[in-house]
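Working notes, beginning with the structure itself.
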Amino acid sequence: MKHSYPELAKPLELGFTTIKNRVLMGSMHTGLEEAPQGFKKLAKFYQARAAGGVGLIVTGGFAPDHFGKIEPFAAKLSTSKEAKEHEVITKAVHEAGGKICLQILHTGRYAYSPLAVAPSRLKAPIAPFKPMALPGIGVHLTIRNYVRCAELAKSAGYDGVEVMGSEGYLINQFIAKQTNKRKDRWGGNFANRIRFPISVVEAIRKAVGKNFIIIYRLSMLDLVENGSTWNEVITLAKEIEKAGATIINTGIGWHEARIPTIATMVPRAAFTFVTEKLKSEINVPLVATNRINTPEVAESVIASGQADMVSMARPFLADADFVNKSFAGKASSINTCIACNQACLDHVFEKKRASCLVNPLACYEAELKVEPTSTPESIAVIGAGPAGIMAAITAAERGHRVDLFESKSEIGGQFNFAKKIPGKEEFNETIRYFHYRIKETGVTLKLNTRFDLETAKSSNYSSIIIATGVEGRTPDIDGITHPSVVTYQKLLEEEPILGDRIAIIGSGGIGFDVAEYLSSDLENRSSLDQDLFLEEWGIDKSLQARGGIAGIKSDIAPSKRQIYLCQRKDTKHGKSLGKTTGWIHRTTLKNKKVKMLAGVTYEKIDDQGLHISMGSEKKTLEVDHIIICAGQQSVTDLVLPLKSLNVSVNLIGGAALASEVDAKRAIREGYELALEI
């Protein structure tokens, strides 16, 4: 069979088994690992991805003992009873024609638990507890627990295990000078510091035999002070191969590293150069990872010889059928991961079930089903933003007749603003996907058409869905109509020429986006250029610097504009931003010398600029333009007139609640409403 992506489609021969293609679904914690009936739900989740064509799946991390758990009630695999619970997962994946490995993850000092242990008694900057230093016997017991976990995984039907040796977890903590201050045979020189990972892999291989996959996740670029040198990475890779690893997977950056590695402002395939550099040094298959989200990029990585496999995690939240669609020549139908982190990683850190902003079905496969309706209705959806589109295409997929009305000339709503922000270009992909789905499901799209009461009266709609979204709120400030005042919508829609001195009123997500937009070189975006990105964040592409960063100066140039980012609240700027990405935005604007002012009272706007007070201090920001990002209000002018008709009326997205522009909530509301009609 001829494939659209021939290198990606090639089987990978491991000697004792064959992986049907070069696609690995990387490890993701979903929150189902600890949830009631979670394993049955995980089985449905993984089964959908196996049926969707993934060659090899790696589960979220399971601790080998109590000490290695992420938190006190997190998942572990250390007993036969626990192994029995996993059989529903392995059976489901194998029935769908896939293979699956269990990831063994010992968090070490990253544990949110008073039972945390580590090579040395050094607290992690991102964890609340100082760990206990493992005594010598404790090290041996931990190795035995890794082995026991692997044996149990095999008994549960897994095809292999992945030993998590990267991202700053326990194994990484043994390897790095930064975290290993031991004086015994497990610390000191490099040979001693890598004894632990080598011993773990050797012991697992001896216990499970030859015909079992062992993936080792190798930290190839630590991005922390006193991380490994490149020669040390090579040495460890060769030793891990000797110890019995079947595959080596790439790990990039510790969790405590202050450099983005997977967020949307990271260019696609930004770190594959690291995997490529190791490829000539070892003989086992190598896996490239991080920000690979389209079949074109994945094919290029394999075809160019940078790696033998590609690992994608979040792209399989966005679309379970990613692989099958790719190989069938239907890449345009893929729901692309936009790397926003809002419903996946942010949810996990908030102790919620993971899902996906662009695919609300992710991790809800056992509960949500798009089933054909037995009573087709005629439905009008007003507003072709994310909420309205999701409602329209889901209702149409079920068999309803759907007209989608949009007063503007294009679909996408607030996504059309987001896609213009440097680092958010991936939002273009969701708009592309929405166009495809509107056509595929037979939704009648009516652009440049304003829905009104007369339209409703003259049509025979049984349901009307109002998804008219939000509009910017105008604050009550003296002089708000001054010519220097520009709304964020006008800024991003019309792109007027602005001066070099700017004040932004409001520092929520939109305020930060506008500050990024106005402080960036829009012609040379680091989010689209690997070399620019590496320079901005101080990463040594030659890999001569220890940890990839030692002595390398970051080069995020200050903005050519003087920008003030103002907020009324006397709190940290960007407090409402996502947990996993907010720090990146704050760091970027800080490096661009954007001035952040909190506790601001807006007095007036005039020819001099923006007059403010901060406590007892009054000052005038002598600016050329003032951008309003002061929150949103729902567009609901049609609600009361339509409710006077004998028709079902529902509000979703920003029309229902405008507190913050929340695409995740809007899309989910559209999806769930369409399932109920």
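Since every read-out is calculated from the coordinates, none of them should be taken as a lab result. Values in this document were obtained by computation on a predicted structure and should not be read as measured data. Note that we place each Cβ from the backbone using ideal geometry, even for glycine, and neighbour counts take in every protein chain shown.
Couple of notes before you dig in:
- Net charge of neighbours whose Cβ lies under 14 Å from the Cβ of L141, counting Lys and Arg as +1 and Asp and Glu as -1: +1
- Across all directions, the average flat footprint of the convex hull enclosing the Cα atoms of the chain is 31.2 nm².
- Between 0 and 90 degrees, the angle of helix 386-397 with respect to the longest Cα principal axis of the chain falls at about 80 degrees.
- Entries in K325/K419; K123/K595; K553/K592 that, when Cα-Cα distance is taken, lie over 22 Å: K325/K419; K123/K595
- Packing-based exposure ordering (other Cβ within 10 Å, fewest first) of Y216, Y364: Y364, Y216
- CD proxy at 222 nm, helix term only [per DSSP H run n ≥ 4: -39500 (n - 2.57); per residue of the chain; nearest 500]: -9000 deg cm²/dmol
- Likely footprinting exposure, E429, E87, E367, fewest C-beta neighbours within 10 Å first: E367, E87, E429
- Summed residue charge, Cβ within 11 Å of N172's Cβ, Lys/Arg positive, Asp/Glu negative: 0
- The angle between the Cα long axis of helix 509-519 and the longest principal axis of the Cα atoms of the chain comes to about 90 degrees, rounded to the nearest 10.
- Qualifying trypsin sites (Lys or Arg not before Pro) in the stretch 155-229, DSSP loop, other Cβ atoms within 10 Å at most 12: K183, R185, K210
- Note: the stretch 510-565, Cα convex hull, 98 Å³ per residue.
- Computed over the chain: relative contact order in percent, which uses C-alpha pairs under 8 Å that are six or more apart: 12 percent
- Using C-alpha pairs below 8 Å separated by at least 6 residues, the relative contact order for the stretch 18-349 is 15 percent.
- Fewest-first sequence of W186, W583 by Cβ atoms within 10 Å of each Cβ: W583, W186
- Here the alpha carbons of the stretch 1-60 define both size measures, Rg and Dmax, at 14.0, 44 Å.
- Directionally averaged shadow of the stretch 419-493, computed from the convex hull of its alpha-carbon atoms, nm²: 8.4 nm²
- Contact order relative to length of the stretch 508-554, as percent, for alpha carbon pairs under 8 angstrom and 6 or more apart: 23 percent
- Against the main long axis of the alpha-carbon atoms of the chain, helix 230-243 sits at an angle near 60°.
- Stokes-Einstein D for the stretch 18-349, Kirkwood Rh over Cα pairs, 10 °C, 1.306 mPa s (µm²/s): 81 µm²/s
- A simple count of charges around S542, restricted to other residues whose Cβ falls under 14 Å of its Cβ and scoring Lys, Arg +1 and Asp, Glu -1, yields -1.
- Antiparallel %, DSSP beta bridges [both residues in the chain], to 5: 20 percent
- Label-point separation in nm, K81 to L141, each point 7 Å along Cα→Cβ: 2.0 nm
- 27 Å Cα-Cα threshold exceeded, pairs from K593/K618; K420/K619; K20/K351: K420/K619; K20/K351
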